[in-house]
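The block underneath contains the structure these notes are about, expressed in structure tokens.
The values are calculated or read from the model by the stated rules, or taken from the named source; none is laboratory data. Since the structure is predicted, the reported quantities are computational estimates derived from the model, not experimental observations. A quick note on method: Cβ atoms are made from the backbone with ideal geometry, for glycine too, and the neighbour counts reach across all protein chains shown.
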Amino acid sequence: MIDLPLLLAFMLAASILTMTPGVDTAIVLRAATLEGRRPALLAAVGIALGCLVWGAAVSLGLGALLHASEVGYAIVKLAGAGYLVWMGIKLLFKPRSSLEPDAGARLSNAGSHAFWRGFLTNLLNPKVGVFYITFLPQFVPQSASVAGYSFFLAALHVLLTLVWFGILIAALAPLSTFLRRPVAVKTLDRLTGVVFVAFGVRLAQ
């Protein structure tokens, strides 16, 4: 049974957390400004799918198992941190000067790369699972199934995430032409690289 006040409280808290800038936001913003709307949308879908996988894992109890296993948590955490740092270093030292197909990654593959970038960033971040396992139970009604309702809340969080990223992508569309200039491309690649490295180092701690 749905507790409406509790559900509204969850939606408010989840919306605030969704709009708080982080590595996911950096991925979507970079894709939207430098690669276009379609890659940005695919990056958002990848991020959402990574969250949904963690939501399913938590609802099945795997999140609790990972939370209890220091070794398992450390392995996934270091893998995620290494992935972020690796992507960040690539952007810092090999930024693109343009988005032409012969200058870096081919645009035909941009959508696929953006999707996997978003998906792997969240899938390799155990803090997403720990966040769900500590955050979601607070909003599960006493009469509801903890597993089923937790997954429902995780899916709702994913939906809110997609809506927020859709708003960001639409808002950035008018700026895309200006932000595709060579100087802007290099600057945004390097700024995104700094964000990735910073979050990777933070995740590893």
Filter pass, Ala173 being of a type in the set (Gly, Ala, Ser), out of contact with any Ser or Thr (no Cβ under 8 Å at 6 or more places or on another chain) and more than 19 Å from Val23 (Cα to Cα)
yes
Is there any pair linking a residue in region 56-84 that is within 22 Å of Gly200 (Cβ to Cβ) and among the β-branched types (Val, Ile, Thr) to one that is in a helix (DSSP H, G or I) and modelled with pLDDT of 75 or more, with Cβ under 7 Å and at least six apart or on different chains, and which?
Val76/Pro126
In this structure, does Phe165 turn out to be under 26 Å from Ala74 (Cβ atoms) and either of a type in the set (Lys, Arg) or part of a helix (DSSP H, G or I) (or both)?
no
Condition test on Leu120, is it without any contact (Cβ under 8 Å) to a residue 60 or more places away in the chain, aliphatic (A, V, I, L, M) and closer than 24 Å to Leu78 by Cβ?
no
Kindly list the number of the only condition in (1) at pLDDT 80 or above; (2) assigned to a helix (DSSP H, G or I) that fails for Pro141.
(2)
Would you confirm, using the coordinates I've provided, whether Val23 is closer than 19 Å to His157 by Cα, surrounded by 16 or more Cβ atoms within 10 Å (Cβ to Cβ) and modelled with pLDDT under 85?
yes
Working only within region 121-134, note down all residues that are surrounded by fewer than 19 Cβ atoms within 10 Å (Cβ to Cβ) and either in contact with a Leu (Cβ under 8 Å, 6 or more places away or on another chain) or modelled with pLDDT under 75 (or both).
Lys127, Val130, Thr134
Search result, residues across region 1-20 that are buried (at least 16 other Cβ atoms within 10 Å of the Cβ) and either outside any helix (DSSP H, G or I) or of a type in the set (Lys, Arg) (or both)
Asp3
